[in-house]
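The values are calculated or read from the model by the stated rules, or taken from the named source; none is laboratory data. If you're wondering where the values come from, they're calculated on a predicted model, not measured in any experiment. Note that we place each Cβ from the backbone using ideal geometry, even for glycine, and neighbour counts take in every protein chain shown.
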Amino acid sequence: RAKSKGRDTYRFFNEEMNYEATEQLNIRVGLRKALELNQFQLFYQPQLEMTTGKIVGVEALIRWFHPELGMVSPASFIPVAEASGLIVPIGNWVLQEACREAARWRDSGMSNPVVAVNLSALQFARGNIEQAVSDAVASAGITPQMLELELTESIMLHNTESVLATVKRLKQKGFAFTIDDFGTGYSSLQYLKSFAVDKLKIDQSFVRDITEDEDDAAIVRAIVQVAKGLGLKTIAEGVETAEAMALLAQYRCDEVQGYYLGRPMPARQFMAYLQQYGECRKISVTS
Ligand code: C2E
Ligand code: MG
Ligand code: MG
Ligand code: MG
């Protein structure tokens with residue numbers, strides 16, 4: 001009896017795994033063709049500078065429109081793209097597309113936000129990221145100053161020396177670097193010294209409950225202070241309320257990004273957003 005129960009459990013477990021594996025396989029097979037079928041699109045989310053109220057930046061976030069699955073979130077396909085190596089060509093497409101869009105904003109004569117692109121570790125390990133980044137700005141006809149690169153702390157965990165050297169060379173060319181999801185990784189403060197990045201993006205897990213949770217508030221305040229001491233800028237992600245924004249202003253966080261200011265949106269819609277709010281997003285911030 002125990003034996004048959006065990007077998008059932010095993011079979012159940014197996015089917016669960018099969019389901020997961022099938023889904024992974026579907027995503028993997030689909031991803032392979034997604035680039036040539038033009039199924040990717042970039043969405044853009046505004047970043048506001050607190051002291052001026054200007055939209056000084058914008059993060060490019062990839063979306064996959066699958067004919068059957070609909071919109072697939074990057075959280076479910078980026079890990080698959082990374083595991084299969086497909087993140088290299090996909091990442092190159094993201095760089096090209098984001099730079100082309102940045103050229104359009106500039107040419108429209110409106111405010112000219114810096115476009116931030118997320119990078120994966122594999123793009124450093126075997127993507128020739130230096131070439132890809134340089135090609136992207138050159139073919140779009142923008143300057144390196146218009147592009148910002150977001151790295152997570154995990155990228156610096158492996159091949160630290162070679163990533164460091166690459167970041168250094170790209171910085172010399174004028175590209176800016178931000179550490180994404182700051183505070184959730186494994187990096188020590190030592191990294192901040194050696195990596196010479198420009199900005200820390202405070203992870204949304206600390207920002208979400210900032211007005212209720214005193215510990216989160218203390219962490220955010222401390223990160224801003226450390227950044228200031230090192231001459232780095234800070235941006236808070238996941239800002240969803242006016243109250244959170246006011247508190248971040250009080251802590252002297254430099255920039256904010258989140259649903260409160262605007263959700264990630266298609267390029268055309270972001271162009272309209274810029275027209276309306278680019279020079280001054282009139283949101284009352286006390287203090
Ligand atoms: P991330 O770079 O940390 O991006 C922030 C995520 O938070 C985005 O999710 C964004 O839509 C979401 N977000 C923004 N504001 C708010 C808010 O106020 N509240 C809440 N709850 N969420 C907010 P998204 O677009 O689903 O992207 C998820 C992750 O996928 C990104 O995290 C990034 O790590 C990765 N990703 C997205 N696009 C790319 C890409 O082109 N290349 C690579 N390598 N990774 C990408
Ligand atoms: Mg990011
Ligand atoms: Mg983030
Ligand atoms: Mg994240």
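Can you say whether Phe65 is modelled with pLDDT of 90 or more, within 13 Å of ligand 1 (Cβ to nearest atom) and closer than 22 Å to Gln269 by Cβ, as far as the supplied structure shows? In short, no.
Quick check: is even one residue across segment 146-166 more than 14 Å from ligand 3 (Cβ to nearest atom) and within 19 Å of Val56 (Cβ to Cβ)? Yes - at least one qualifying residue is present in segment 146-166. Condition first: within 24 Å of Leu119 (Cβ to Cβ), touching an Asp or Glu at 6+ places or on another chain (Cβ under 9 Å) and within 16 Å of ligand 1 (Cβ to nearest atom). Can you find one or more residues in segment 268-276 that meet it? Checking segment 268-276: at least one residue is within 24 Å of Leu119 (Cβ to Cβ), touching an Asp or Glu at 6+ places or on another chain (Cβ under 9 Å) and within 16 Å of ligand 1 (Cβ to nearest atom). A Cβ distance below 9 Å, combined with a sequence gap of six or more or placement on separate chains, defines the contacts here; from segment 173-195, residues that are closer than 26 Å to Thr143 by Cβ and touching a residue at least 60 places away in the same chain (Cβ under 8 Å) reach residues that are assigned to a helix (DSSP H, G or I) and within 16 Å of ligand 1 (Cβ to nearest atom) in the pairs Asp180/Glu153. Note on segment 88-120: residues that are free of Cβ contacts under 8 Å to residues at least 40 places away in the same chain, over 14 Å from Gly141 (Cβ atoms) and in a helix (DSSP H, G or I) total 1.
Across segment 89-100, the number of residues qualifying as away from ligand 2 (no atom under 16 Å from the Cβ) and in contact with a helix residue (DSSP H, G or I) (Cβ under 6 Å, 6 or more places away or on another chain) comes to 4. Within segment 129-150, the set of residues being surrounded by 15 or more Cβ atoms within 10 Å (Cβ to Cβ) and not in a helix (DSSP H, G or I) comprises Ile142, Leu147, Glu148, Leu149, Glu150.
Of everything in segment 158-184, what is in contact with a strand residue (DSSP E or B) (Cβ under 6 Å, 6 or more places away or on another chain) and within 15 Å of ligand 1 (Cβ to nearest atom)? Give them in sequence order. If the condition is that a residue be in contact with a strand residue (DSSP E or B) (Cβ under 6 Å, 6 or more places away or on another chain) and within 15 Å of ligand 1 (Cβ to nearest atom), then Phe177, Thr178, Ile179, Asp180, Asp181, Phe182 are the ones that fit.
Scanning segment 158-196 for residues that are surrounded by 17 or more Cβ atoms within 10 Å (Cβ to Cβ) and within 15 Å of the chain's Cα centre (by Cα) yields Ala176, Phe177, Thr178, Ile179, Asp180, Asp181, Phe182, Gly183, Gly185.
Is it true that Ile179 is outside any helix (DSSP H, G or I) and within 14 Å of ligand 4 (Cβ to nearest atom)? So Ile179 fits the description; yes. Can Ser108 be described as surrounded by fewer than 17 Cβ atoms within 10 Å (Cβ to Cβ) and either farther than 19 Å from Arg32 by Cβ or at pLDDT 95 or above (or both)? Yes.
When segment 27-59 is filtered for residues that are away from ligand 1 (no atom under 16 Å from the Cβ), of a type outside the set (Asp, Glu), surrounded by fewer than 19 Cβ atoms within 10 Å (Cβ to Cβ) and without any contact (Cβ under 8 Å) to a residue 40 or more places away in the chain, the ones remaining, listed by number, are Val29, Lys33, Leu37. For segment 198-247, the tally of residues that are part of a loop (DSSP other than H, G, I, E, B), touching a residue at least 12 places away in the same chain (Cβ under 8 Å) and more than 15 Å from ligand 1 (Cβ to nearest atom) stands at 2. Taken as a whole, the structure places Arg252 among residues that are assigned to a loop (DSSP other than H, G, I, E, B), under 24 Å from Thr51 (Cβ atoms) and either modelled with pLDDT of 95 or more or within 16 Å of ligand 2 (Cβ to nearest atom) (or both).
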